[in-house]
Amino acid sequence: MKKFEILLWDIDQTLLDFDKSQDYALKFSFHNFGMDVDETIVSRYAAINESYWKRLELGEVTKNELLTGRFETLFLEFGIKEIASKDFAQIYQKALGSVFYFKDNAFELCSKLKGKVRQYAVTNGVSATQRNKIHLSGLDQIFEDIFVSEEIGYPKPNLEFFTRCFAMIPDFQKEKTIIVGDSLSSDIKGGNNAGISCCWYNPNGKENHTNLKIDFEIRNLWEVEDIL
């Protein structure tokens with residue numbers, strides 16, 4: 001008997017390389033406004049963006065505040081006054097959803113698992129961006145469904161996000177479900193909150209300084225095959 005029948009995939013920095021997409025989108029957007037940026041700004045934006053998403057998970061900011069606030073913070077730090085953060089955010093978000101880069105040959109893995117386990121996407125990203133990116137990647141032909149926090153009404157790790165997702169999964173069984181993701185604060189904490197098994201995708205061997213329950217830890221996505 002199979003241990004798991006339902007596999008919940010995180011998208012960014014799990015199946016898809018978000019860092020590469022973010023790098024592309026940021027440089028494209030600045031170029032659109034006639035500016036070229038160096039790695040200092042790219043690196044700083046990545047940190048600011050991550051902090052805003054952490055705050056969203058904690059309920060400290062709304063999605064709309066995140067979408068423009070991260071650029072307001074960046075522009076303030078670097079003295080960029082000639083670009084409106086709202087206009088920049090629109091260009092950036094569209095660019096972010098226009099490219100994708102797989103991690104660990106993820107498409108081949110998901111294709112191989114199709115028919116053996118039911119696969120679903122669970123993501124905190126912006127709906128239009130995530131759905132377009134998933135469509136371009138071809139993963140939408142593999143997933144049974146795609147759950148985006150913006151549509152669900154709650155972000156990971158909120159229990160309500162998972163409760164609503166579970167309600168839309170036919171013949172759902174909590175004990176037969178596992179989530180795979182790179183984020184301890186979003187994916188693993190969310191899995192803990194929801195009472196399902198958790199697999200931490202940790203390719204760079206980061207240290208875990210939390211008390212979260214991690215059932216499996218992997219360095220390469222293909223290790224999921226052995227877990228299933």
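What follows draws every value from the coordinates through simple rules; no lab data is involved. Please read these numbers as outputs of a predicted model, since none were measured by experiment. Here the Cβ is made from the backbone with ideal geometry for all residues, glycine too, and neighbour counts use every protein chain on show.
Each of Asp38, Asp19, Asp10 has some number of other Cβ atoms within 10 Å of its Cβ, and from fewest to most they run Asp38, Asp19, Asp10.
Pull out a ≥ b ≥ c, the square roots of the eigenvalues of the alpha-carbon gyration tensor of the stretch 1-108, then state rounded if a/c is under 1.5, prolate if not and a/b is larger than b/c, and oblate in the remaining case. Judged from the Cα gyration tensor, the stretch 1-108 comes out prolate (a/c at least 1.5, a/b above b/c). The GluC sites (Glu not before Pro) of the stretch 54-88 meeting both criteria, a DSSP state outside H, G, I, E and B (loop) and at most 14 other C-beta atoms within 10 angstrom of the site's C-beta, are Glu60, Glu82.
Taken one residue at a time, the phi angles of the stretch 142-148 give Karplus couplings (6.51, -1.76, 1.60, θ = phi - 60°) of 9, 5, 6, 6, 10, 10, 10 Hz. Gly and Pro are set to x. Per-residue ellipticity at 222 nm, computed for the chain from helices alone with -39500 (n - 2.57) per DSSP H run of at least four residues, works out to -13500 deg cm²/dmol. Using 0.36 nm per residue and subtracting the Cα-Cα separation, the extra length available between Asp171 and Ala84 on full extension is 26.5 nm.
Among the listed pairs Lys86/Lys133; Lys54/Lys189; Lys27/Lys156; Lys116/Lys174; Lys94/Lys133, a Cα-Cα separation exceeding 19 Å is found for Lys86/Lys133; Lys27/Lys156. From the square roots a ≥ b ≥ c of the eigenvalues of the alpha-carbon gyration tensor of the stretch 165-228, which class results: rounded (a/c under 1.5), prolate (a/b over b/c), or oblate? Here the stretch 165-228 falls in the oblate category. Spin-label pair Glu108-Ile214: with each label point 7 Å from Cα along the Cα-Cβ axis, the two points sit 2.6 nm from one another. For the stretch 115-151, the list of GluC sites (Glu not before Pro) that fall in a loop by DSSP and count at most 16 other C-beta atoms within 10 angstrom reads Glu144. Under a 5 Å amide H cut-off, with hydrogens placed 1.01 Å from N, Ser197 pairs with Thr177, Ile179 among residues at least 5 apart or on other chains. Distance from the Cα centroid of the stretch 1-19 to that of the stretch 110-169 is 9 Å (rounded to whole angstrom). Sort the stretch 1-50 into rounded, prolate or oblate with this rule: let a ≥ b ≥ c be the square roots of the eigenvalues of the Cα gyration tensor; rounded if a/c is under 1.5, and if a/c is not under 1.5, prolate when a/b is larger than b/c, oblate otherwise. Verdict is prolate for the stretch 1-50.
Restricting the chymotrypsin sites (Phe, Trp or Tyr not before Pro) of the stretch 26-55 to loop positions (DSSP other than H, G, I, E, B) with no more than 16 neighbouring Cβ atoms within 10 Å leaves Phe33.
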